[in-house]
Amino acid sequence: MPTLRGLKGMTVTDAKGATLGTVTHVLCDPERAVVVGFEVQPPNVVYVVSRKPRYLALAGAKVQADSIEFEDPKNWGGERAEKQLGFEWDRTVIWTGMPLAPVDGEPIGVVRDASFDASTGSIGRILVTDGLTSDLAVGTREFEGEYVDRFDGAVIRVSAAAEQAEFSGGAARAAGTTAAVAKVVVSDAAKRAAELGGSAVKAAAKSKPARSTWSMLKETGKAFREGLENDKD
């Protein structure tokens, strides 16, 4: 299955092989765990003048190993695609970097990546991270997309079972010191994700979420580093 991060930067072409641009973001449904399309950055004019991004629906795409092909990009893009989707592009969500939390709980991390079915868009496995420092120390969590309950406008909500997903990898866990590290790193990361989560909502027309998500990740990374520096155990 393709992944959200794996498709970023991939070339998008039409059926004749002409380049339409490159994928800047994979976009998800505003409520469900389903990929609905792509934000595509067209080539610059005369290699200098940048152009506005265009939005193409997954339903009209042929996702291949090294490129994405649209036989009829006009029919699957812009306002025509919005009518078929039933909502506007600026309501779609960029899942990578989005806080994830149980239905009635605090964030347990952010979405690092997720696989999805190229035909239906259904999210498969989701990789949840608390940041590089935490990943190295206690590892990452991975679980099925079926645990996703909804997107509430700021946080991806999952069933309580997702919170019990086992960590994989992590030097501290392997050494038997997970608790000491997790106490500071994971709790601080969750608080930071909760504070900054709302800024990651996709606002496609103005391209604000990319900047917001990057800011969120930088702030979260800072919290991880500070957590480890303050851990005396």
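The values are calculated or read from the model by the stated rules, or taken from the named source; none is laboratory data. Owing to the predicted nature of the structure, the values given are computational and were not obtained by experimental measurement. All Cβ positions, glycine included, derive from the backbone under ideal geometry; neighbour counts span all protein chains shown.
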Practice task
Look at G9 and say whether it is on the phi > 0 side of the Ramachandran plot and either in contact with a strand residue (DSSP E or B) (Cβ under 8 Å, 6 or more places away or on another chain) or aliphatic (A, V, I, L, M) (or both).
Solution key: yes
Problem - Boolean, T96 is of a type in the set (S, T, N, Q), in contact (Cβ under 8 Å) with a residue 40 or more places away in the chain and under 18 Å from A154 (Cα atoms) - result: yes
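Can you say whether T92 is at pLDDT 90 or above, under 30 Å from K52 (Cα atoms) and buried (at least 22 other Cβ atoms within 10 Å of the Cβ), as far as the supplied structure shows?
In short, yes.
Each row is one residue, and each column tells you yes or no for (1) modelled with pLDDT of 95 or more; (2) of a type in the set (V, I, T); (3) out of contact with any Gly (no Cβ under 6 Å at 6 or more places or on another chain).
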{"residue": "V34", "(1), (2), (3)": "yes, yes, no"}
{"residue": "F38", "(1), (2), (3)": "yes, no, yes"}
{"residue": "V46", "(1), (2), (3)": "no, yes, yes"}
{"residue": "S50", "(1), (2), (3)": "no, no, yes"}
{"residue": "I68", "(1), (2), (3)": "yes, yes, yes"}
{"residue": "D72", "(1), (2), (3)": "no, no, yes"}
{"residue": "W76", "(1), (2), (3)": "yes, no, no"}
Completion exercise
Of the residues in segment 1-57, those that are touching a Ser or Thr at 6+ places or on another chain (Cβ under 7 Å), among the hydroxyl-bearing types (S, T, Y) and in contact (Cβ under 8 Å) with a residue 40 or more places away in the chain number 3
Handout entry: Looking only at segment 11-30, and only at residues there that are touching a Phe, Trp or Tyr at 6+ places or on another chain (Cβ under 9 Å) and among the hydrophobic types (A, V, I, L, M, F, W, C), the one that is farthest from D72 (Cα to Cα)
Key = C28
Completion exercise
So the strands (runs of 3 or more DSSP E) completely within segment 1-59 holding 1 or more residues that are within 24 Å of Y147 (Cβ to Cβ) are 19-28, 35-41
Exercise for the section: Go through segment 142-174 residue by residue and tally those that are of a type outside the set (V, I, T) and at pLDDT 75 or above. Expected result: 15
Exercise for the section: Looking for whichever is under 30 Å from D130 (Cβ atoms) and not assigned by TED's automatic domain parsing to the domain that holds G153 here; the options are V110, V103, V23, V46. Which one fits? Expected result: V23
Practice task
Take G17 and decide whether it is on the phi > 0 side of the Ramachandran plot, exposed (fewer than 15 other Cβ atoms within 10 Å of the Cβ) and in contact with an Asp or Glu (Cβ under 9 Å, 6 or more places away or on another chain).
Solution key: yes
